[in-house]
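Everything on this sheet refers to the single structure shown next.
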Amino acid sequence: MSGGPADDDPARPPDAARGGPGVTRAEFDSLFASVRAWGRWSEADRGAWNRVTGEHVRRAAALVRSGTTVQLGLPWNTRAGPDNTRPALHYMSDLGDVEAPEPATHKDFIAADYHGKAVSHLDALSHVAYRGRLFDGRPARESVDAGGARFGSVEALGPLVGKGVLLDLPAVLGTHWLEPGRAVRARDVLAAERALGVTVDEGCAVLLRTGRFRRRRELGPWDAGAACAGLHVDAVPLLAERAIALLGGDGDSDVRPSPVEGVHSPVHALAVAAMGVPLLDNLDLEALAGACAEARRYEFMIVVSPLRVPGGTGSPVNPVAVL
C-alpha cells in the first residue's frame, strides 16, 4: 500500500492483533474502579479541568517561543462519506436581498450532529455514562434528559489554557500513519515520551497523532467507527497516574475494534466517566506534527474554548496550539 507502513512494520500488526489484546468485562470493571476519581472535586462537572490552576497556565505560556499558531480543527464537513454519515449543514440564509439595501449583508446557517467521526469536537462529562453512571457517580437518567444535561454540561467546563503534549506515534515509528486497528499501548506512550523528549504531567492535554488524516487524504475515507488506530485500555492507568486534564487525538482516542467485550468505546468510559477527563475527537494534527518537527519540540501552549451551550454534552471546537 503506497505511502503506508510495510506489512512487517510495528505500525501495522497482523489481523489477529487488531485492537490489541482482548480484555474481559470483569477485567475492565476492575480497571474502571482503579482509575475512578469520583468525589475528588467540589466542582465535579468540570472534572479534571479542576487540575489546571493559574500556575499551570503561566507555565504553559512560558512554552511560547516563536509565536507560531496552529489550528487543530477540521474544516466543516458537509460531504457525506463512510466516516461522515450525518454531514454538517451549511447554507446561505441571506444573499444581500433580505434586508433594506446599503449595506448589503450576507448570512449563513450552520448546524451539526457533531458527536461522530467528521467534526472536531469536545466531549463534556455528560456525554458518557458507564453502567448507568456519569462521572462522580451521578445517575445518567436523572442528569440528562430531552432538555439537555443538568450535570457535566459543556457550559460548566469553560475554556482551557494549558500545556499540550503531542505524542506523534508515526514519527516515533518512522511511518506515515498507523493502520486502522493498531492499538497504542502504555509502552508506546512511554517510548514516545523518550523519543520526542516530552513528559506527560499533571494538568496537561495529551494529543495522540496516528496519522489518520494523512492516510485519509492519500487513500480516501473509510469507516473509522469500525476500524481506527487509538489507545488500548492498558495505556489509561498511566495517563491517570500522570493526572492529565484533557485527552484528544486525530481519532476519538479509542482503538477500534474495541478490545473489551461488550464495551464499544472503553477509553471513553475510562476517561470521561471514571476519570472526569474531557475528550477532543477528530483533530487534524498534521500541521501541528510538522510544526513540532520543525521546532524540534513536542510541547506547546494549547487553547480550547468550547461553545457555551447550556445543557450541551459537548461542542464543535477549533483548538489552537501556540509554539
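The values are calculated or read from the model by the stated rules, or taken from the named source; none is laboratory data. Not measured: the values here are computed from a predicted model. Positions of Cβ are generated from backbone atoms using ideal geometry, with glycine treated the same way; all protein chains shown enter the neighbour counts. Surface areas here come from the heavy atoms of the whole protein model, side chains and all, with no ligands, DNA or RNA. Shrake-Rupley method; radii C 1.70, N 1.55, O 1.52, S 1.80 Å.
Could you give me the residue pairs with C-beta distances under 6 Å whose first residue belongs to region 160-171 and is within 18 Å of C228 (Cα to Cα) and assigned to a helix (DSSP H, G or I), whose second residue is aromatic (F, W, Y) and open to solvent by less than 10 Å² (accessible area, probe 1.4 Å) wherever it lies, and which are 6+ apart or on separate chains?
The qualifying pairs are P170/W177.
Pick from S126, S93: which is more than 22 Å from I302 (Cβ to Cβ) and either of a type in the set (D, E) or without any contact (Cβ under 8 Å) to a residue 60 or more places away in the chain (or both)?
Every option except S93 fails the conditions.
Go through region 36-49 residue by residue and tally those that are open to solvent by 10 Å² or more (accessible area, probe 1.4 Å), within 15 Å of P278 (Cβ to Cβ) and under 20 Å from the mean Cα position of the chain (by Cα).
Looking only at that region, the number is 2.
Give me the pairs, please: first residue somewhere in region 245-267 and among the basic types (K, R), second residue anywhere and assigned to a loop (DSSP other than H, G, I, E, B), beta-carbon distance under 8 Å, and either six or more positions apart or on two chains.
Listed by first residue and then by second, the contacts come to R256/G19; R256/P180; R256/G181; R256/A224; R256/G225; R256/A226; R256/A227.
Kindly indicate whether any position in region 157-174 is within 16 Å of the chain's Cα centre (by Cα), under 25 Å from R133 (Cβ atoms), at pLDDT 95 or above and among the hydrophobic types (A, V, I, L, M, F, W, C).
Scanning region 157-174 turns up at least one residue that is within 16 Å of the chain's Cα centre (by Cα), under 25 Å from R133 (Cβ atoms), at pLDDT 95 or above and among the hydrophobic types (A, V, I, L, M, F, W, C).
Considering only region 127-143, I want to know if a residue exists there that is within 26 Å of Q71 (Cα to Cα) and either among the polar types (S, T, N, Q) or over 22 Å from the mean Cα position of the chain (by Cα) (or both).
No, every residue in region 127-143 fails to be within 26 Å of Q71 (Cα to Cα) and either among the polar types (S, T, N, Q) or over 22 Å from the mean Cα position of the chain (by Cα) (or both).
Condition test on A60, is it surrounded by 19 or more Cβ atoms within 10 Å (Cβ to Cβ), among the small types (G, A, S), closer than 30 Å to A293 by Cα and at pLDDT 95 or above?
yes
Check L288, L270 and return the single one that is in contact with a strand residue (DSSP E or B) (Cβ under 8 Å, 6 or more places away or on another chain) and at negative phi.
After ruling out the rest, the residue left standing is L288.
Among the residues of region 289-297, is any hydrophobic (A, V, I, L, M, F, W, C), under 11 Å from the mean Cα position of the chain (by Cα) and open to solvent by less than 20 Å² (accessible area, probe 1.4 Å)?
No, because not a single residue in region 289-297 is hydrophobic (A, V, I, L, M, F, W, C), under 11 Å from the mean Cα position of the chain (by Cα) and open to solvent by less than 20 Å² (accessible area, probe 1.4 Å).
Before we move on, is V98 open to solvent by less than 80 Å² (accessible area, probe 1.4 Å) and not in a strand (DSSP E or B)?
no
Can you list residue pairs whose Cβ atoms sit under 6 Å apart, with the first residue in region 129-146 being open to solvent by 40 Å² or more (accessible area, probe 1.4 Å) and the second being assigned to a loop (DSSP other than H, G, I, E, B) and of a type outside the set (A, V, I, L, M, F, W, C)? Count only pairs 6 or more apart in sequence or on different chains.
Correct list of pairs: V144/S126.
Pull up region 165-216, narrow it to residues that are farther than 20 Å from P319 by Cβ and among the charged types (D, E, K, R), then point me to the one that is most open to solvent (accessible area, probe 1.4 Å).
Filtering region 165-216 for residues that are farther than 20 Å from P319 by Cβ and among the charged types (D, E, K, R), the one most open to solvent (accessible area, probe 1.4 Å) comes out as R194.
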